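*Asks:* I have a structure here, written as structure tokens, and I will follow up with some questions on it.
The values are calculated or read from the model by the stated rules, or taken from the named source; none is laboratory data. Everything numeric here is computed off the predicted structure, so don't read it as measured data. Heads up, the Cβs are rebuilt from the backbone with ideal geometry, glycines too, and the neighbour counts pull from every protein chain shown. Side chains are part of the model used for accessible areas, which takes the heavy atoms of the whole protein and leaves out ligands, DNA and RNA. Shrake-Rupley method; radii C 1.70, N 1.55, O 1.52, S 1.80 Å.
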Amino acid sequence: MLLVLTPAVPSPAAAEPAAHIVRPGDTLWAVAEKYGHHVSDLREWNALGPYDTLRADGMLRLGTARAPLPEFRTRAETVTEKEANGTVGRKCPVPPAELRRIWVRYIDFQGRVHNGSLIMHRTLVAPTQRAFAQLYRWRFPIMVMQPASVNMPGLTDKSVLTGGYECRFVAGTTKWSQHSYGRAVDVNPRQNPMIRGDYLDPPNTERWLARENYWPGMVHENGAVEAFTSNGFAWGGRWKSLKDYMHFSTTNL
């Protein structure tokens, strides 16, 4: 079953939210007061030290965690042609020897920790690892990463995956996408769609075009975006001719 997290509509009978998505200007004191908790409880539930600060787009648990948040871990490994492209002999601009599968820990929308992976160019292993390490420290939620069969069993809509390398053209053209070089990352595509004129990708994601909202998995200039831009990636949300909110690349293409 496809999991799609939609913004809750507050009502007197609504259940108490399990998490709070941090907005610019939020403080632990203000969040604690809003939900009737103690600051010390928020620190304990979210493993926050006395000098940790809140980051916009991050997710604060509002109750006892199922388990302590483990330390961030990452590693990289080589990939075969079939692992990279799904088949052998496919014409792609980068040979598999130039690619690496990067494993990172991430937090999903329910606050669970997973080991996920994405494939990137070998020269971008360290910047990619640093970016995802920052997202993890900021407790930014990622809907799902590969292997999807483990991290979200039953998933059929692969357009929701956060990922990197994919041997494909730019939509509607015969020009290689930066993903086909392993130089681009798409983060939470459903919550950060691409819009060009009347074309929306993924489809049926109009609700997330209201970028003034701070909903789970959305990236903003003053929040999760900085994890990538501080590590040499450019953000498609800054483009003028179109907006690709999910897209980060080292070439700004």
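*Asks:* So for segment 182-193 (the condition being modelled with pLDDT under 95 and open to solvent by 50 Å² or more (accessible area, probe 1.4 Å)), does at least one residue qualify?
*Replies:* No, that holds for no residue.
*Asks:* Here is a further query. Please work out if V219 is aliphatic (A, V, I, L, M), closer than 22 Å to L54 by Cα and either touching a Ser or Thr at 6+ places or on another chain (Cβ under 7 Å) or open to solvent by 30 Å² or more (accessible area, probe 1.4 Å) (or both).
*Replies:* Working: aliphatic (A, V, I, L, M): yes; closer than 22 Å to L54 by Cα: yes; either touching a Ser or Thr at 6+ places or on another chain (Cβ under 7 Å) or open to solvent by 30 Å² or more (accessible area, probe 1.4 Å) (or both): no.
Criteria not met by V219.
*Asks:* So, in segment 222-250, how many residues would count as being in a loop (DSSP other than H, G, I, E, B), within 16 Å of the chain's Cα centre (by Cα) and surrounded by 14 or more Cβ atoms within 10 Å (Cβ to Cβ)?
*Replies:* Total satisfying the criteria: 6.
*Asks:* Here's a follow-up. Would you check if G89 is more than 30 Å from G36 (Cα to Cα), of a type in the set (G, A, S) and at pLDDT below 95?
*Replies:* yes
*Asks:* Take the residues in segment 194-216 that are in a loop (DSSP other than H, G, I, E, B) and open to solvent by less than 10 Å² (accessible area, probe 1.4 Å); name whichever of them is farthest from G58 (Cα to Cα).
*Replies:* Among residues in segment 194-216 that are in a loop (DSSP other than H, G, I, E, B) and open to solvent by less than 10 Å² (accessible area, probe 1.4 Å), the one farthest from G58 (Cα to Cα) is P202.
*Asks:* Could we say that A84 is within 28 Å of S180 (Cβ to Cβ), surrounded by fewer than 16 Cβ atoms within 10 Å (Cβ to Cβ), among the small types (G, A, S) and at pLDDT 95 or above here?
*Replies:* no
*Asks:* If a residue must be at negative phi and open to solvent by 10 Å² or more (accessible area, probe 1.4 Å), how many such residues does segment 137-147 contain?
*Replies:* Counting residues in segment 137-147 that are at negative phi and open to solvent by 10 Å² or more (accessible area, probe 1.4 Å) gives 4.
*Asks:* Follow-up question, since we're still on this one. Looking at R90, R66, R75, which is the one that is farther than 17 Å from P141 by Cα, loosely packed, with under 12 Cβ neighbours inside 10 Å and out of contact with any Lys or Arg (no Cβ under 6 Å at 6 or more places or on another chain)?
*Replies:* Just one listed residue meets the conditions, R90.
*Asks:* Which of the residues spanning segment 175-228 are small (G, A, S) and in contact with a His (Cβ under 8 Å, 6 or more places away or on another chain)?
*Replies:* G182, A184, listed by residue number.
*Asks:* Sort out which residues of segment 46-99 are β-branched (V, I, T) and within 21 Å of V113 (Cβ to Cβ), and write them in order of number.
*Replies:* Residues satisfying the conditions are T64, T74.
*Asks:* How many of the residues in segment 152-167 are of a type in the set (V, I, T) and either open to solvent by 20 Å² or more (accessible area, probe 1.4 Å) or part of a loop (DSSP other than H, G, I, E, B) (or both)?
*Replies:* Residues flagged as of a type in the set (V, I, T) and either open to solvent by 20 Å² or more (accessible area, probe 1.4 Å) or part of a loop (DSSP other than H, G, I, E, B) (or both) within segment 152-167 amount to 2.
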